[in-house]
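Quick notes on the structure that follows.
The values are calculated or read from the model by the stated rules, or taken from the named source; none is laboratory data. Note that the coordinates shown come from a computational prediction; the quantities given were computed from them, not determined experimentally. Please note: Cβ atoms are built from the backbone with ideal geometry, for glycine as well, and neighbour counts cover all protein chains shown.
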């Protein structure tokens, strides 16, 4: 039985992590840390977890103090720039750390500074930390002490595209257009009028045009898969639902649809974290809410010569906390979907 800790447990991703881990058959004890809620009962702050976490209390989120806690695995559900400071303290103390922030997702410190508007706090670590999509990342990462968990938008995009890029069935270097819609929980817990119910209900809008931070992650990973630089046009949209991501990827290339599905079937081979739908059936966020699964399908538009891929996932589960627990399970040699559905 593992002792597992969460730093940043009061946010949306942290709350979902707590819920999953409280029911996990391989987790014996939980330690939760928060900068805001030290000493408070978890269920007084997150009442939805009443009955799941007992009398568990938040401890102080101090990196040095947490490194002394007898915890086997730490999850970091923290903002970028802050997570790295915790990660290095905990790794140096011999702990396994799974980082849900963006701090170790990129290989390039220059790219990090360009998209995150600050120098990386531990640039020498970037090339040493594996970026893990469990269904696509092989085995070598399972020896790592520090692991980068992918972002929510990138998971919905990279899962269907990387196998096709690796096989060379998609060869374009530019021209891929990606539009993705996210529920409001993707922005995290914020005391902002903009994210209030009255502002977001009956509202849908694009944002981050040409500048969204996940562009760096998407392009870097697609470039590694393709063996050459890949530039995409990525536009996220905020839509009036609590959770979920629906993504449409338009590839300006005529591709044999049978080959697309053959590559997907060979790559994923019945993995539970992937749902491959038949062509013409588009994924629905309703069907993946609460599930650690991304669904996707492909359609070849002969009229335009474009390959159209659509995907759907729960941004808080497969796009964040569920995938992080899946990574923990594999890293510790436990059944991959323990605690997950």
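Below, the figures for the structure above:
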read-out: Any hit, the range 87-100, residues being touching a helix residue (DSSP H, G or I) at 6+ places or on another chain (Cβ under 6 Å), surrounded by 16 or more Cβ atoms within 10 Å (Cβ to Cβ), in contact (Cβ under 8 Å) with a residue 60 or more places away in the chain and in a loop (DSSP other than H, G, I, E, B); value: yes
read-out: Test: residue 174 is surrounded by fewer than 21 Cβ atoms within 10 Å (Cβ to Cβ) and within 20 Å of residue 101 (Cβ to Cβ); value: no
read-out: Tally, over the range 43-53, of residues that are surrounded by 13 or more Cβ atoms within 10 Å (Cβ to Cβ) and in a loop (DSSP other than H, G, I, E, B); value: 3
read-out: Residue check, residue 208 surrounded by 11 or more Cβ atoms within 10 Å (Cβ to Cβ), touching a strand residue (DSSP E or B) at 6+ places or on another chain (Cβ under 9 Å), assigned by TED's automatic domain parsing to the domain that holds residue 246 and assigned to a loop (DSSP other than H, G, I, E, B); value: yes
read-out: Residue that is farthest from residue 174 (Cα to Cα) [pool: residues in the range 288-306 that are touching a residue at least 24 places away in the same chain (Cβ under 8 Å) and under 18 Å from the mean Cα position of the chain (by Cα)]; value: 290
read-out: Condition met for residue 244 (closer than 22 Å to residue 319 by Cα, surrounded by fewer than 17 Cβ atoms within 10 Å (Cβ to Cβ), within 23 Å of the chain's Cα centre (by Cα) and not assigned by TED's automatic domain parsing to the domain that holds residue 16); value: no
read-out: Which listed residue is at pLDDT below 95 and more than 13 Å from residue 4 (Cβ to Cβ), from 45, 53, 91; value: 45
read-out: Search result, residues across the range 147-203 that are in contact with a strand residue (DSSP E or B) (Cβ under 7 Å, 6 or more places away or on another chain), at pLDDT 95 or above and assigned to a helix (DSSP H, G or I); value: 152, 153, 155, 156, 157, 159, 160, 161
read-out: Subset of the range 247-262 [assigned to a helix (DSSP H, G or I) and either without any contact (Cβ under 8 Å) to a residue 40 or more places away in the chain or within 23 Å of the chain's Cα centre (by Cα) (or both)]; value: 258, 261, 262
